[in-house]
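*Asks:* This is the structure I want to talk about, given as structure tokens.
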Amino acid sequence: MRRKSGVEKKMQITYQNEWEYTNIHVDLPIPYEEDYQIKMIHYNKIKGMLPVQGIGRDGQSRYTFRLENGMSMDKIYEEAEISGKEIEDFMEQLSVITEQIKIFFLNNNHIILDPKLIFKKAEQYYFCYLPIIKKENEPTMCEAFHELTEYFVKHLDYKDTEGVFLVSKIHRETLKENYDLKKVIETCKKDVKKQKQAESGCLDLVNEFSLQTAEAKTIIRLTRNLLVFPPSVLTE
């Protein structure tokens, strides 16, 4: 199981619903410190990342993320089951944003991979970036992602064979120490593609066999008809 930092254990999340948007407040029991990270997010529009503001009060920190429509992953799959295609889309978008934020010298480990703080609007996922100054020995994004795969295991649609294959693969791969998230995602996508091709090949064989069987039945029926002798032959 993933190590949770003292900050994460005491992180409090509250929602403030307004007419056109929702403010998500994340309160932390640590003094507020501001560095270049929050300015990078503010001045650069990063697709898939929610805007954030931070304030300090009474020796604590509050970070507020603004969401226009959308719903948290936690709420979406509270009753529904998640499909392999949805997990594929999520992994693809997560992979893209982890590469994007490197351009702005932001740290992947600060992306919060908690289903309560991952949001979806239409087909786009939105992530929260916590611009705190992390200390040594803090949990990594790889540990957080592995814990998220356990969430997928619990909420997966087990009638979706592709999804079962995908989740079992990523869950197994992310058990390794210091894995490369981008490589894991790329490997899983390739394996899913191979699985689809294999299943498609099997289906083609079944269809071909069915067609050949139907053709054989037709030939047998026609042959039988040809072997029926006319009455003139039978009376000779």
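Values quoted throughout were computed directly from the atomic coordinates according to the rules given, and no laboratory measurement underlies them. All values reported here derive from a predicted model rather than from experimental measurement. So basically every Cβ, Gly included, is an ideal-geometry build from the backbone, and we count neighbours across all protein chains shown.
*Asks:* Suppose each label sits 7 Å from its Cα in the direction of the beta carbon; what would the GLU33-ASP74 distance come out to in nanometres?
*Replies:* 2.7 nm
*Asks:* Just flag the trypsin sites (Lys or Arg not before Pro) in region 37-84 sitting in loop per DSSP whose Cβ has no more than 11 other Cβ atoms within 10 Å.
*Replies:* Answer in residue order: LYS45, LYS47.
*Asks:* If you don't mind, there's one more thing I want to ask. With the contact rule set at Cα under 8 Å and sequence spacing of 6 or more, what percent relative contact order holds for region 1-147?
*Replies:* This gives 26 percent for region 1-147.
*Asks:* If you rank VAL52, VAL167 by fewest surrounding Cβ atoms within 10 Å, what's the result?
*Replies:* Ascending Cβ contact count within 10 Å gives the list VAL52, VAL167.
*Asks:* Now a separate question. Over region 5-65, what is the mean sequence separation of C-alpha contacts under 8 Å (at least six apart), divided by residue count, expressed as relative contact order in percent?
*Replies:* In percent, rounded to a whole number, it is 33.
*Asks:* I would also like to ask the following. If you plug each phi of region 75-90 into the Karplus form 6.51 cos²θ - 1.76 cosθ + 1.60 with θ = phi - 60°, what whole-Hz ³J(HN,Hα) values come out, in order, with x for Gly and Pro?
*Replies:* Here the 3J(HN,Hα) series is 6, 4, 9, 5, 10, 6, 9, 8, 9, x, 4, 5, 5, 4, 4, 4 Hz.
*Asks:* Now for a separate question. With θ set to phi - 60°, apply the Karplus curve 6.51 cos²θ - 1.76 cosθ + 1.60 along region 176-187 and write out the HN-Hα couplings as whole Hz, x wherever there is a Gly or Pro.
*Replies:* Once rounded to whole Hz, the list reads 6, 7, 6, 6, 8, 4, 4, 5, 4, 4, 5, 5.
*Asks:* Using a 7 Å offset from the Cα along the Cα-to-Cβ direction at both LYS85 and LYS10, what is the distance between the two label points in nm, to one decimal?
*Replies:* That separation, rounded to one decimal, is 4.5 nm.
*Asks:* Sticking with this one: Given points 7 Å out from each Cα along the Cα-Cβ axis, report the GLU186 to LYS154 separation in nanometres with one decimal.
*Replies:* For GLU186 paired with LYS154, the spin-label model returns 3.2 nm.
*Asks:* Provide LEU166, LEU113 in ascending order of the number of other Cβ atoms located within 10 Å of each residue's Cβ, fewest first.
*Replies:* LEU113, LEU166
*Asks:* Could I ask something else about it? Considering only DSSP states other than H, G, I, E and B, which GluC sites (Glu not before Pro) in region 15-61 qualify as loop sites with at most 10 other Cβ atoms within 10 Å?
*Replies:* GLU18, GLU20
*Asks:* Out of the chymotrypsin sites (Phe, Trp or Tyr not before Pro) in region 123-165, which ones are loop residues according to DSSP with at most 14 other C-beta atoms within 10 Å? Intermediate values should be presented prior to the final figure.
*Replies:* Details: sites: TYR125, TYR126, PHE127, TYR129, PHE145, TYR151, PHE152, TYR158, PHE165; in loops: TYR158.
Hits after loop and neighbour filter: TYR158.
*Asks:* Okay, next question. May I ask you to derive the FRET efficiency for LYS116 and ARG57 from their Cβ-Cβ distance with R0 = 22 Å, giving the value to the nearest 0.05?
*Replies:* Between LYS116 and ARG57 the formula returns 0.45.
*Asks:* Please report PHE65, PHE119 as a ranked list, fewest other C-beta atoms within 10 angstrom at the top and most at the bottom. Please report the intermediate quantities before stating the final value.
*Replies:* Details: PHE65 23, PHE119 26.
Final ranking by Cβ density, sparse to dense: PHE65, PHE119.
*Asks:* Something else: In whole Hz, what ³J(HN,Hα) sequence does region 51-57 give by Karplus (6.51, -1.76, 1.60; θ = phi - 60°), x for Gly and Pro?
*Replies:* x, 9, 10, x, 9, x, 7
*Asks:* Calculate, in nm to one decimal, what ARG66 and LYS176 gain on full extension: separation in residues at 0.36 nm each, minus their alpha carbon distance.
*Replies:* 36.1 nm
*Asks:* Let me ask another. Hey, what D do you get for region 4-128 in µm²/s if you plug the Kirkwood alpha-carbon radius into Stokes-Einstein at 4 °C and 1.567 mPa s?
*Replies:* It comes out at roughly 84 µm²/s.
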